[in-house]
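Written out below as structure tokens is the structure these notes cover.
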Amino acid sequence: MGVYDLAIRNATVKDGAASTCDIAARDGRIVSPGTGKVDAREEIDAGGRLLSPGFVNGHCHLDKSDLLSRMEPGDFGKSLEENRELLKKFKKGYERAELKARALGVLREMAAQGVTALRSQVDVDTTAGLVPAEALIELRDECGRLVHLSLCAFPQEGVLRPGTRELMEEALKLGVEAVGGNPYVEAGEEERRRHVDVLFELAAAYDRDLEIQVDESNSPGDFLLPYIVEKASASGRGSRVAVTHCISLAAVEDARALAVMDGIAGAGMSVIVTPSCNMITRFPEGVLRRGANSITRVKDLLERGVNVVLGTDNVRDIFYPLGNGSMLREMHVAAVALRMTAAGDARRLLEMATLAGARLLGLEYGLEPGCAADLMLMEGRSMRGVLSGAASVACVVRGGRPVVRTDSRVRFT
Ligand SMILES: [Zn+2]
């Protein structure tokens, strides 16, 4: 049997189960689930806590994170469009070391809350150039022991502006993994479609995954998703295309939405949802506002077998001053916003926060032999209990090694 690197004993591995079992890991992989005694260099007594694959934060912006510390009180409460303008002020002053320090702080904060893998957008445009990409590539390479970080080149200011496509190509050549998109910053419908065309060209030319942020204005008038679904289906690369936000899917009439969701499922695309940011984004005056349509149709997408991924989006910046990178909190917001409080919903939310993101990033996550030993122990025996309690992550394992332990003892005095 040999000596294992790590054994986790007395863990609850089946949501809500009464019995516990042991899991062992070697060379960064799970090798032996079961109850037999194993010889391991390091041991963790789970004490009956719930063991899960680590959180995968499917969408965030490390380069912007913690900009809050540099903002004035008047820099808050603006519309999405005004915030995008304000961001440029900060980006002009970006320096690699300062940006990296901010990103590292938030990366460690996420890891402490159970995140073992994440995809971060990184702005690529003529305002900041390649400074954010270079800083986050360095960070990615230095922090591999703590988390798996995957980067997505995000043309925050549009891709049609002269010089931007070239910068996107430079970022991909430097090692940024995925092509990102932001079509709504372009001037009109035709330009937005052209933006999408350029993204598909880049993804095919460099053989990369594609993630497009789309339809987040909360208005049924902004509905570019059908065009993206069409392109994804025709390209034959649908399983490598993800769309983020997609709020208009909940604002257009049913027949139209259902046809598009069938198209998403048929193409094998992923949908990424960031509930907190979706719920708080402020829109220009006059735009239709309904509580129910501030977030996409997650339950309908799940019913169709679509890979729905959870992400935290922004952390303490212009777009979301209250973000803190907690996937547990994001699960809770999703449960409330989507009315996902029935039995079984907590498990579905956990899958969106772990396995779905791993699928997006091409990682083998799970509790079976052969899966990555990227794991966390949560305070509780059931996911519903974790979500309804004073939730916390007790321990995080990355590559078969414990990287975080939390001591959250409470004393009444
Ligand atoms: Zn975002």
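Would you point out which residue out of Glu351, Glu330 is within 27 Å of Ser217 (Cβ to Cβ) and either modelled with pLDDT under 95 or not aromatic (Phe, Trp, Tyr) (or both)?
Unique residue meeting the criteria: Glu330.
Taking into account only those residues within segment 308-331 that are charged (D, E, K, R), crowded, with 24+ Cβ neighbours inside 10 Å and within 17 Å of Arg84 (Cα to Cα), which is nearest to the ligand (Cβ to nearest atom)?
Asp313
Out of curiosity, is Leu199 surrounded by 20 or more Cβ atoms within 10 Å (Cβ to Cβ), under 30 Å from Gly400 (Cβ atoms) and either not assigned by TED's automatic domain parsing to the domain that holds Cys246 or not β-branched (Val, Ile, Thr) (or both)?
Judged against the criteria, Leu199 is not a match.
For a quick check of your reading: which helices (runs of 4 or more DSSP H) sit entirely within segment 156-246 and have at least 2 residues that are under 22 Å from Val131 (Cα atoms)?
164-174, 189-206
Scan segment 165-188 for residues that are in contact (Cβ under 8 Å) with a residue 24 or more places away in the chain, out of contact with any Cys (no Cβ under 7 Å at 6 or more places or on another chain), closer than 23 Å to Glu85 by Cβ and not hydrophobic (A, V, I, L, M, F, W, C) and report the count.
6
Answer with yes or no whether Lys89 is more than 16 Å from the ligand (Cβ to nearest atom), at negative phi and not aromatic (Phe, Trp, Tyr).
yes
Please indicate, with yes or no, whether at least one residue in segment 253-267 is assigned by TED's automatic domain parsing to the domain that holds Leu199, on the phi < 0 side of the Ramachandran plot and in contact (Cβ under 8 Å) with a residue 60 or more places away in the chain.
There is no residue in segment 253-267 that is assigned by TED's automatic domain parsing to the domain that holds Leu199, on the phi < 0 side of the Ramachandran plot and in contact (Cβ under 8 Å) with a residue 60 or more places away in the chain.
Among the residues of segment 101-132, write down those that are part of a helix (DSSP H, G or I) and either at pLDDT below 95 or away from the ligand (no atom under 16 Å from the Cβ) (or both).
The answer is Ala101, Arg102, Leu104, Gly105, Leu107, Arg108, Glu109, Ala111, Ala112, Val131.
The values are calculated or read from the model by the stated rules, or taken from the named source; none is laboratory data. For clarity, every value in this text was computed on a predicted model and none was experimentally measured. Glycine also receives a Cβ, built like all others from the backbone with ideal geometry; neighbour counts cover every protein chain displayed.
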